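To keep things clear, I will list the structure first and then write my remarks on it.
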Amino acid sequence: MPRKPARHHRLLPVRPLTFSPFARSVARVATAYLVKHYMHNAVQQSAGDEFKEKLKIIGRHSESSEDEEFDGVVQADFAFFDPKPDDFHGVKTLLQSYLDNKQWDLSGFVDLILGQTTVGTVVKLEDDEDNGVFSIITALNLGRYKDHKCITELKEFLLNICHEKDKIGNLRSLLGDEAQKVGLLVSQCVVNLPPELLPPLYDALFDEISWATEDEPTEELRNSFRFKFYLVVSKFYKLNLQQKNANQKRSSSTDKDEAFLYIKPEDEILHKLSMWSFLFPLQTQQVATHELKNYQLTGIVMAVKAEDISSFRQQLHALINGS
Amino acid sequence: MATRLQFENSCDVGVFSKLTNAYCLAAIGGSENFYSTFESELADVIPVVKTSIAGTRIIGRLCAGNKNGLLVPHNTTDQELQHLRNSLPDQVVVRRIEEKLSALGNCIACNDHVALTHTDLDKETEEIIADVLGVEVFRQTIAGNILVGSYCAFSNRGGLVHPHTSIEDLDELSTLLQVPLVAGTINRGSEVIAAGMTVNDWTAFCGSDTTATELSVIESVFKLREAQPSAIVDEMRKSLIDTCV
């Protein structure tokens, strides 16, 4: 199954990418700070099927020399790959604090993610010997994997940390009766990953999900990707008013502090679109920087309806490419 | 007997602990599971001491020791030093050394007779190692890596080294150390052996990601199976005659 994207030459425009028999797109986004970029629209006809897929590779034009002066800037060519068993250590490192500091079957969870090759993407460097993983995104059907130890531990964790009475009923139904229709959206990336990668990454995931509903070999598997809801577990910074008042002296604060500071830009959009969400306190210690001294790192669990995903994708494009 | 365990979701147990034939050091962690696993295996035989070094939890990588002594880096606080001196047996000499390479656990690998050290270690430090730990010191590299303390783990009965060590290097090291060596991995393919495990003459502790194959290699090279009393009977059972017709 061809997975690797086409070779990228600096002088030629990025060539159209190949599709796997499952008609999955492997979006190749070349992101480099000093390399010339290309605006490119590729229209693809996949080998066996008869639908057209539009692939947009977005980049910035920049006038710069070819000299690689190392002044703190690194050139990197990122590529999207299917999850492979080799990626175990990289993905495990990224998901180390997924459930706060709870000791759970993280290795089993990572194995589940890597076992699902049809839906899920790993972002790595092109031709990297170290095989470093920069980002992982996937959606796991909670009903399909309900017998795995890691999923039962995850469900138990979420039910225990939910202290909002009105939300716990919703959570219980999503984790219990409705689990077959719920996809756990797992997305984690290194802190300094260029945000331009996020829209193609999410597009790739949701496209893979819709293709899986048609291309998976068995009826059961096809149904397992017909998600009605997505569950997201994430972290962000919440303004701690008591701390802020304590830190403030007589001098008036000129800046109006935002109530929430999102680490991942997509979390802001998901939070707005979510059906419901609840916050939970984190036990891991945080490093208090000067800018964030009034903020507290808080966990959040959100449930998003699958119908709202197209709106999410549009808003994500607008947010990243508009700003 | 080799045991699998985790330190707060991390499989790098060799980073947060130090095991020798005379004592065991464990880092202060969030949950008590880590410490109690060591306790349940070792409590009757050797003391298990909870400590920090230089205020950090990465004690396995900062200190180096064997049954004769323990060497700690210059940034160890006075309270930590005193705590170690009080908790360890009297015959174990605890010494704080002034060495610019302060991650002693990464620079020194030793058992009760031989030590391998980083090539750039001070001459003075080498003498202290020989004196306090009672070992013969050799400056070596392992598979081209100078951090010998990270890429190998050995006891008085066997040793495990970086997977890319060549056969010639393996033979040379084996002759120096006078123990059988094997090149292998820990924690599902990790090359940093000493970070993933800690071992002494009768037991080993490995990260929970260690596969069954890796574990069996460890048990065989460190001769941990024979350390069990029941193993003797099992071996003999094949030759014992139950009934004679």
> Going by the conditions given, is residue B:3 away from every other protein chain (no Cβ under 14 Å), part of a strand (DSSP E or B) and of a type in the set (S, T, N, Q)?
Replying inline: yes
> Residues of the range B:160-198 being within 18 Å of residue B:14 (Cα to Cα), assigned to a strand (DSSP E or B) and away from chain A (no Cβ under 13 Å), which ones?
Replying inline: B:160, B:161, B:183, B:197, B:198
> Mind checking which pairs have a first residue in the range A:183-196 that is touching a residue at least 24 places away in the same chain (Cβ under 8 Å) and a second that is of a type in the set (Lys, Arg) and surrounded by fewer than 22 Cβ atoms within 10 Å (Cβ to Cβ), Cβ under 9 Å, 6 or more apart or different chains?
Replying inline: A:183/A:228; A:187/A:264; A:188/A:264; A:189/A:264; A:196/A:60
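Table: residues versus (1) at pLDDT below 90; (2) surrounded by 17 or more Cβ atoms within 10 Å (Cβ to Cβ); (3) touching an Asp or Glu at 6+ places or on another chain (Cβ under 9 Å).
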position	(1), (2), (3)
B:9	yes, yes, no
B:12	no, yes, no
B:23	no, yes, no
B:28	no, no, no
B:31	yes, no, yes
B:37	no, yes, no
B:42	no, yes, no
B:56	no, no, no
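Per-residue answers, yes or no, for (1) over 19 Å from the mean Cα position of the chain (by Cα); (2) farther than 27 Å from residue B:123 by Cα:
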| residue | (1), (2) |
| --- | --- |
| B:46 | no, yes |
| B:52 | no, yes |
| B:58 | no, no |
| B:79 | yes, yes |
| B:95 | no, no |
| B:99 | yes, no |
> Going by the conditions given, is residue B:58 more than 19 Å from residue B:194 (Cβ to Cβ) and more than 14 Å from chain A (Cβ to nearest Cβ)?
Replying inline: no
>> Is it the case, given these coordinates, that residue B:119 is surrounded by fewer than 16 Cβ atoms within 10 Å (Cβ to Cβ), in contact (Cβ under 8 Å) with a residue 12 or more places away in the chain and β-branched (Val, Ile, Thr)?
In response: yes
> Got a sec? Which of B:168, B:214, B:191 is among the charged types (D, E, K, R) and surrounded by fewer than 17 Cβ atoms within 10 Å (Cβ to Cβ)?
Replying inline: B:168
> Do you know which residues across the range A:98-112 are hydrophobic (A, V, I, L, M, F, W, C), facing chain B (nearest Cβ under 10 Å) and free of Cβ contacts under 8 Å to residues at least 60 places away in the same chain?
Replying inline: A:104, A:106, A:110
> Looking at the range A:83-97, which of its residues are in contact (Cβ under 8 Å) with a residue 60 or more places away in the chain and either closer than 12 Å to residue A:131 by Cβ or surrounded by fewer than 20 Cβ atoms within 10 Å (Cβ to Cβ) (or both)?
Replying inline: A:95, A:97
> Conditions: (1) at pLDDT below 90; (2) surrounded by 14 or more Cβ atoms within 10 Å (Cβ to Cβ). Residue A:192 meets all but one. Number of the miss?
Replying inline: (2)
>> I'd like to know if the range A:117-136 contains one or more residues that are free of Cβ contacts under 8 Å to residues at least 40 places away in the same chain, within 23 Å of residue A:229 (Cβ to Cβ), away from every other protein chain (no Cβ under 14 Å) and crowded, with 19+ Cβ neighbours inside 10 Å.
In response: no
> Under the condition of being of a type in the set (Ser, Thr, Tyr) and not in a loop (DSSP other than H, G, I, E, B), which residue from the range B:208-223 is farthest from the other protein chains (Cβ to nearest Cβ)?
Replying inline: B:220
>> Restricting to the range B:135-152, name every residue that is of a type in the set (Gly, Ala, Ser) and either modelled with pLDDT of 95 or more or assigned to a helix (DSSP H, G or I) (or both).
In response: B:149, B:150
>> Please return the ranges of helices (runs of 4 or more DSSP H) entirely within the range B:10-129 where 2 or more residues are touching a Leu at 6+ places or on another chain (Cβ under 7 Å).
In response: B:33-42, B:59-62, B:104-107
> Does residue B:98 satisfy the criteria of being within 24 Å of residue B:221 (Cβ to Cβ) and more than 14 Å from chain A (Cβ to nearest Cβ)?
Replying inline: no
> When you look at residue B:63, is it in contact (Cβ under 8 Å) with a residue 12 or more places away in the chain, out of contact with any Phe, Trp or Tyr (no Cβ under 9 Å at 6 or more places or on another chain) and within 14 Å of chain A (Cβ to nearest Cβ), yes or no?
Replying inline: no
> When the range B:11-54 is examined, which residues are found to be within 14 Å of chain A (Cβ to nearest Cβ) and without any contact (Cβ under 8 Å) to a residue 24 or more places away in the chain?
Replying inline: B:30, B:31, B:32, B:35, B:36
>> Can you go through A:109, A:157 and tell me which one is more than 18 Å from residue B:209 (Cβ to Cβ) and at pLDDT 90 or above?
In response: A:157
> Would you pick out the residues in the range B:181-202 that are out of contact with any strand residue (DSSP E or B) (no Cβ under 7 Å at 6 or more places or on another chain), under 22 Å from residue B:35 (Cα atoms) and not acidic (Asp, Glu)?
Replying inline: B:195, B:202
>> Please list, ordered by residue number, the helices (runs of 4 or more DSSP H) wholly in the range A:89-179 having 1 or more residues that are farther than 30 Å from residue A:197 by Cα and not small (Gly, Ala, Ser).
In response: A:149-161, A:165-175
>> Would you confirm whether or not the range A:51-68 contains a residue that is modelled with pLDDT of 90 or more and either within 30 Å of residue A:280 (Cβ to Cβ) or part of a loop (DSSP other than H, G, I, E, B) (or both)?
In response: no
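The values are calculated or read from the model by the stated rules, or taken from the named source; none is laboratory data. Because the structure is a prediction, the values reported are computed rather than measured. Using ideal geometry, Cβ is built from the backbone for each residue, glycine included, and neighbour counts are taken over all protein chains shown.
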